[in-house]
Amino acid sequence: MPVAYGMRIRSLSGLNTTIKKVDGDFDKVTSLEDSDGLKADPTHMPKQVKWLDSNGAPPGDFDRTIWTNVSERAKAAIEELEPGVHQFISVEFLDQRGKHLEHRFWFNTGNRIDGMDREHTNMIFHLNSWRPARDIARRYPDLLPDGADPSAEPKLVFNLDQLGCVHLWHDRYLGGGKGMAPFMSQAMHDHLKSKGMTGIAYDSGQVEVVG
């Protein structure tokens with residue numbers, strides 16, 4: 001059975017890493033009007049940040065500190081499979097002394113798809129989003145469908161026909177958006193893994209794909 005993966009991004013040194021903005025303001029970042037809420041207006045995106053890691057570890061090829069960001073080689077690998085689809089906003093990472101460390105990119109996934117398979121998931125569609133049955137049972141018990149099991153673990157199942165040929169995406173009704181880590185196809189998973197990309201826990205977050 002085909003599978004997809006949630007992109008689980010992890011710091012190379014655990015939870016000890018922070019970023020200090022030299023300029024810019026994430027709170028002022030807005031979406032581009034024609035981007036369906038995914039691509040960001042780069043006006044207020046920080047162009048320089050300080051990388052502060054208490055263990056002295058560098059950023060991985062993928063990092064989720066404040067906002068998903070990627071290395072130059074990660075950008076190149078992504079664009080090998082999906083050229084011209086995703087948004088990469090240039091940012092300079094500085095070390096703790098303010099010296100140049102690395103040229104990187106703030107990353108935004110360019111695909112937003114209604115990909116959940118209605119017949120095979122055990123999630124409940126409510127208020128324009130997919131929610132675990134236990135949440136519906138707790139907050140809206142009268143709306144719990146017959147046969148739904150609130151004790152069951154939420155089961156994400158994507159439909160291959162609905163996904164089409166995309167390799168990195170956010171589901172339109174599962175949350176996520178600017179700066180959030182996306183789902184990835186088996187092909188993208190295998191591609192990034194073959195490149196030895198760092199900062200990703202590849203074997204977690206696996207979900208089913210049918211169709």
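The values are calculated or read from the model by the stated rules, or taken from the named source; none is laboratory data. Small disclaimer: the values here were computed from a predicted structure and weren't measured. When we count neighbours, we look across all protein chains shown, and the Cβ atoms used for this are built from the backbone with ideal geometry, even at glycine.
Restricting attention to region 88-135 and to residues that are small (Gly, Ala, Ser) and outside any loop (DSSP other than H, G, I, E, B), the residue that is farthest from the chain's Cα centre (by Cα) turns out to be Ala133.
Against the conditions (1) more than 27 Å from Asp171 (Cβ to Cβ); (2) assigned to a loop (DSSP other than H, G, I, E, B), Asp36 satisfies every one except (1). Only one entry of Gly24, Gly60, Gly84 meets the criterion of being in contact (Cβ under 8 Å) with a residue 40 or more places away in the chain and assigned to a loop (DSSP other than H, G, I, E, B), and that entry is Gly60. The selection criterion, being within 30 Å of Val209 (Cβ to Cβ) and surrounded by fewer than 19 Cβ atoms within 10 Å (Cβ to Cβ), does not hold for Gln96. Each residue in region 31-43 was checked for being loosely packed, with under 15 Cβ neighbours inside 10 Å and at pLDDT 90 or above, and 1 of them qualify.
When region 44-57 is limited to residues that are at negative phi and assigned to a loop (DSSP other than H, G, I, E, B), the one that is surrounded by the fewest Cβ atoms within 10 Å (Cβ to Cβ) turns out to be Asn55.
Whether a residue is under 30 Å from Glu208 (Cα atoms), at pLDDT 95 or above, touching a Leu at 6+ places or on another chain (Cβ under 9 Å) and surrounded by 21 or more Cβ atoms within 10 Å (Cβ to Cβ) was assessed, and Ile124 does not pass this test.
Within region 61-74, the set of residues being at pLDDT 95 or above and surrounded by fewer than 19 Cβ atoms within 10 Å (Cβ to Cβ) comprises Glu72, Arg73. Considered as a group, the residues in region 1-21 that are exposed (fewer than 15 other Cβ atoms within 10 Å of the Cβ) and hydrophobic (A, V, I, L, M, F, W, C) include one that is nearest to His86 (Cα to Cα), and that residue is Val3.
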